[in-house]
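Asker: Just passing along the structure, written as structure tokens.
The values are calculated or read from the model by the stated rules, or taken from the named source; none is laboratory data. Note that this is a predicted model, so its numbers are computed, not measured. Cβ placement follows ideal geometry from the backbone for every residue including glycine, while neighbour counts extend to all protein chains displayed. When the accessible area is computed, the model is the full protein with side chains, heavy atoms only, and any ligands, DNA or RNA have been set aside. Shrake-Rupley method; radii C 1.70, N 1.55, O 1.52, S 1.80 Å.
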Amino acid sequence: MLIGLVGKPNVGKSTFFKAATLSDVLIANYPFATIKPNHAMAYVKIHDLAADFGKVSNPREGYVKNGWRFVPIDLFDVAGLVEGASEGKGLGNKFLDDLAGVDAFIHVVDMSGETDAGGKQTEGYDPAQDIRIIERELDLWYLGILKKAWVVLMRSMEMQKSQFAKTVAKQFSGLKVTEDDVNHVVLYEKLDVSKPSSWADSTLFAFARALRKYTKPMIIAANKVDRPMGKENFERLCKQFEYPMVACFADGELSLRQADKAGLIDYTPGEKDFKIVGNLSNAQKNALEMIQKVMNEFGNTGVQSVLNSVVFDLLKYIAIFPAGAKMEDSKGNVLPDCFLMPPGSTALDFAYRLHTDIGKNFVKAVDIRTKKGVGKDYVLKHLDGLEILTR
């Protein structure tokens, strides 16, 4: 799974990225501080299954803190997107190429209204414009791919009576678009695919937009809600757009993560507060008090909420634990692994995820909570712990 951060220049994407990953990236108050893509590991936060059995898990990847398990995901931060990127403006073509492999977008938007469309400092800018600009550039990106040899492809399909979904999916193979995705969009949009070569431009654009929204869903990280106009703009935009939107204070999250790493505070990402455990200067105390005020107003900094929402709400993935009777591996590590599986996955899918031979020799799975056996067609549920038995 690969999650892409998008947004115009200078909205706090790199700050969000660093807050989520603690990677060493450049954060600067000017447009296009990010040129080359940043790629690092972020984490989704789930209940630690081991706690149900009076234990604490020992993750091979990720970590456990205060009863929560943090499971790794790939986060990808690319250069800021400007209007006209689909036509090559800014770093447009390179930017869009970099995004081809992502599964979903986190669109970081500056809710303060203090940066204009190009990322330069201003006042009173409407951040709704940013959402519309990014939307349109992504739609035009998909449209451009569709239009490459569209008429020739569709006429060939009509003459050979080949499948529309198969033809389109092949055109979008680099963007993780499947035949099922295309069929879903065709049904949802009620499109007539008997003669697509005769589609009007408006129909083609509507199809491209629907395909983009379905295959690369997007959540809005409403950043800088701590600024004077941040909350007001956030509440207004929540009513204007259908995208899920989370109030964010990425700068505050980064400060908390760094203070926790330095041993000054005890902070678990996504929580509503923190505990001071080290010696702080007056400046540090004041900064933390300001961060706490924002957290009191919005519940938390929003960064962890965005990560969890994009994986579990938008993509609808589920976390599954491979677990034997003792819940330990040969080295005594408790529940060392946790896998994120796509929706609708079965026990057999999970077995194959563990190893091809385990899938081929699958007999049944045993639920470690109920001790009951389930068959290969059992549909997995979030936070299941399963022991796979083989012949």
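Asker: Within region 256-292, track down each residue that is open to solvent by less than 50 Å² (accessible area, probe 1.4 Å) and part of a helix (DSSP H, G or I).
Answerer: Leu256, Arg257, Ala259, Asp260, Ala287, Leu288, Ile291, Gln292
Asker: Continuing with the same structure: Quick test of your reading of the structure: Val306 fulfils all but one of (1) free of Cβ contacts under 8 Å to residues at least 40 places away in the same chain; (2) closer than 20 Å to Gly12 by Cα. Name the failing condition by number.
Answerer: (1)
Asker: Quick one: what pairs do we get from region 202-213, first residue among the aromatic types (Phe, Trp, Tyr), second in a helix (DSSP H, G or I) and open to solvent by 10 Å² or more (accessible area, probe 1.4 Å), C-beta under 7 Å, 6+ apart or different chains?
Answerer: Phe205/Leu143; Phe207/Glu189
Asker: Within region 192-231, which residues are open to solvent by less than 40 Å² (accessible area, probe 1.4 Å) and among the charged types (D, E, K, R)?
Answerer: Arg212, Lys216 - these are the residues of region 192-231 that are open to solvent by less than 40 Å² (accessible area, probe 1.4 Å) and among the charged types (D, E, K, R).
Asker: Take the residues of region 159-170 that are modelled with pLDDT of 85 or more and open to solvent by 60 Å² or more (accessible area, probe 1.4 Å): which is nearest to the chain's Cα centre (by Cα)?
Answerer: Restricting to residues being modelled with pLDDT of 85 or more and open to solvent by 60 Å² or more (accessible area, probe 1.4 Å), the top hit is Lys170.
Asker: Quick one: is Ser156 of a type in the set (Ser, Thr, Tyr), modelled with pLDDT under 90 and part of a helix (DSSP H, G or I)?
Answerer: yes
Asker: Then there is this: Which residues, taken from region 359-391, are over 13 Å from Met341 (Cβ atoms) and aromatic (Phe, Trp, Tyr)?
Answerer: Phe362
Asker: Quick test for you: out of Val151, Val185, pick the one residue that is free of Cβ contacts under 8 Å to residues at least 40 places away in the same chain and more than 21 Å from Arg132 (Cβ to Cβ).
Answerer: Of Val151, Val185, the one residue that is free of Cβ contacts under 8 Å to residues at least 40 places away in the same chain and more than 21 Å from Arg132 (Cβ to Cβ) is Val185.
Asker: So, one more: Any idea which of Gly375, Gly359 is over 30 Å from Ala250 (Cβ atoms), open to solvent by less than 30 Å² (accessible area, probe 1.4 Å), over 25 Å from the mean Cα position of the chain (by Cα) and modelled with pLDDT of 95 or more?
Answerer: Criteria check complete, one pass: Gly359.
Asker: So, one more: Kindly provide the set of residues from region 46-60 that are modelled with pLDDT of 95 or more and acidic (Asp, Glu), ordered by number.
Answerer: Once the filter is applied, which keeps residues that are modelled with pLDDT of 95 or more and acidic (Asp, Glu), region 46-60 yields only Asp48.
Asker: What's the total number of residues in region 293-307 that are surrounded by 17 or more Cβ atoms within 10 Å (Cβ to Cβ) and not in a loop (DSSP other than H, G, I, E, B)?
Answerer: So the count comes out to 8.
Asker: Restricting attention to region 93-137, which residues are in contact with a helix residue (DSSP H, G or I) (Cβ under 7 Å, 6 or more places away or on another chain), part of a helix (DSSP H, G or I) and at pLDDT below 90?
Answerer: Phe95, Leu96, Glu137
Asker: Moving on. Among (1) out of contact with any Gly (no Cβ under 8 Å at 6 or more places or on another chain); (2) open to solvent by 30 Å² or more (accessible area, probe 1.4 Å), which single condition is Asp251 missing?
Answerer: The failed condition is (1).
Asker: Just checking, how many residues over region 232-244 are more than 14 Å from Val11 (Cβ to Cβ) and open to solvent by less than 60 Å² (accessible area, probe 1.4 Å)?
Answerer: The qualifying residues number 4.
Asker: Same structure, new question: Sort out which residues of region 309-347 are open to solvent by less than 50 Å² (accessible area, probe 1.4 Å) and assigned to a strand (DSSP E or B), and write them in order of number.
Answerer: Selection gives Ile318, Ala319, Ile320, Phe321, Pro322, Val334, Phe339, Leu340, Met341, Thr346.
Asker: Among the residues of region 56-65, which ones are over 12 Å from Gly332 (Cα atoms) and open to solvent by less than 70 Å² (accessible area, probe 1.4 Å)?
Answerer: Gly62, Tyr63, Val64, Lys65
Asker: When region 169-203 is examined, which residues are found to be β-branched (Val, Ile, Thr) and out of contact with any Pro (no Cβ under 9 Å at 6 or more places or on another chain)?
Answerer: Result: Val177, Thr178, Val182, Val185, Val186, Val193.
Asker: Please work out if Lys293 is over 30 Å from Ala250 (Cα atoms), out of contact with any strand residue (DSSP E or B) (no Cβ under 9 Å at 6 or more places or on another chain) and without any contact (Cβ under 8 Å) to a residue 12 or more places away in the chain.
Answerer: Here the answer is no, as Lys293 does not meet what is asked.
Asker: Hey, another quick one. Of all the residues that make up region 358-372, how many are touching a residue at least 12 places away in the same chain (Cβ under 8 Å) and either more than 16 Å from Ile320 (Cβ to Cβ) or in a helix (DSSP H, G or I) (or both)?
Answerer: 3
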